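S.K.: This is the structure I have questions about; it appears just below.
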Amino acid sequence: MEKDFIIAGFGGQGVLLAGEVLANGFMIDDKMVTWYPSYGAEMRGGTVNCSVVMADEDVSAVQKSQADYIIVLNQASFDKYTSWVRKGGTIIVNSSLANIKKVRDDINYVFVPITQMAQEKLGNIKMSNVLALGILSKVSKLITLSTLEKALKNVIHPHRMNLMPKNIEALKLGYEYDLLPILG
């Protein structure tokens, strides 16, 4: 089994960190993994994305033109990456920063006000990336929250460990969000 993931947004949203955590989590689960970051020269505020490929055996290619799961954290990423979702795949959309619209009928959409939830429930929009990973865990059923927690501990820099409780709370908040009315 091989699954492809893309996480996309703008610089400062923690896109690369989220991808690194996801890749690390799959490694904890003894999967073969690649993590490929891509960002514009302007960094903060510019476009950023990363690909994660997870497989039971050797990964077939590092960067793909289609993915099974895509997380988009802003409108520009939604506009660019909706066409990259593999038929039957899923796109998780931050509806706080992207319009709720279904432009394809052969994929699954998950619209969640990720930034709004991070601000209102966690008091910090910078937790949006980790909250999105909690949603991905629930939707994909390919990685558990406990594995993502371990991955966070591996990836978060020691001087940021004071934020671990908030990051774990963000994971759980994303995972526990009621997706039933918004899947489709």
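Rule-based calculations on the coordinates, nothing more; no lab input. Please read these numbers as outputs of a predicted model, since none were measured by experiment.
S.K.: If amide hydrogens are placed 1.01 Å from N in the peptide plane, which non-local residues have theirs closer than 5 Å to the one on residue 95?
M.R.: 112, 114
S.K.: At a Cα cut-off below 12 Å, give the aspartates and glutamates reachable from residue 172, other chains included and same-chain residues fewer than 8 away excluded.
M.R.: In chain and number order, the partners are 149.
S.K.: OK, next. When we measure straight from the Cα of residue 166, which lysines land under 28 angstrom away, once same-chain ones fewer than 8 places off are left out?
M.R.: Output for residue 166: 31, 121, 126, 138, 141, 150, 153.
S.K.: Counting C-alpha atoms alone, how compact is segment 2-176: give Rg to one decimal and Dmax as a whole number, in angstrom.
M.R.: 14.7, 45
S.K.: Would you pull out the residues with amide H under 5 Å of residue 11's amide H, same chain only if 5 or more places away, H placed 1.01 Å from N?
M.R.: Here 45, 46, 47, 48 satisfy the definition.
S.K.: Could you run the Karplus curve 6.51 cos²θ - 1.76 cosθ + 1.60 with θ = phi - 60° over segment 47-59 and give me ³J(HN,Hα) per residue in whole Hz, x for Gly and Pro?
M.R.: 6, 9, 8, 8, 10, 10, 10, 10, 8, 6, 10, 3, 6
S.K.: Binning at 5 Å from 0, report for segment 113-176 what percent of all alpha-carbon pair distances ends up in each bin.
M.R.: Histogram of Cα-Cα distances, whole percents per bin: 4, 20, 32, 24, 16, 5, 0.
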